[in-house]
Amino acid sequence: MRTELDTKQFAEPVLVRLSSGIVSIGSVQEASDLLASVEWPGPRDELHANALETCLKVLDGHRSTGDARARLVDAALAAGIYSDAVR
């Protein structure tokens, strides 16, 4: 079971556009949950797999939160769901 400290907060949230509206992804745990979810609207391609794998490695302490955020942005851009809307 992960504690709140294990969620690995991003320095700045990633905003994505889902069917429910614009969602703020503020942690690696939230990113991995979205990437593994049926809610992910994009293809489950190499960018998606890389983003999910990076998130899981961060949660295990083997990569940085910056790496996970960058890979999430890459996958979200490819899926057409990245939003640069002001929070």
Quote the Stokes-Einstein diffusion coefficient, in whole µm² s⁻¹, for segment 48-87, based on the Kirkwood radius over alpha carbon pairs, a temperature of 10 °C and a viscosity of 1.306 mPa s. 152
How long is the gain from S24 to R44 if the chain were fully straight, where each residue apart is worth 0.36 nm and the alpha carbon distance is subtracted? 5.1 nm
So what is the 222 nm mean residue ellipticity for the chain from helices alone, if each DSSP H run of at least 4 adds -39500 (n - 2.57) and you divide by all residues, rounding to the nearest 500 deg cm²/dmol? -14000 deg cm²/dmol
Can you give me the distance in nm between label points at H62 and S37, each placed 7 Å from the Cα along the Cα-to-Cβ direction? 2.6
Below 8 Å between Cα atoms, with a sequence gap of 6+, how large is the relative contact order for the chain in percent? 34
Can you compute the modelled spin-label distance between E53 and L77, with each label point 7 Å from Cα toward Cβ, in nm? 2.0
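All of the numbers you see were taken from the coordinates with simple rules; none came from a lab. Predicted model only: the values in this text are computed from it and were never measured. Note that each Cβ is placed from the backbone with ideal geometry, even for glycine, and that neighbours are counted across all protein chains shown.
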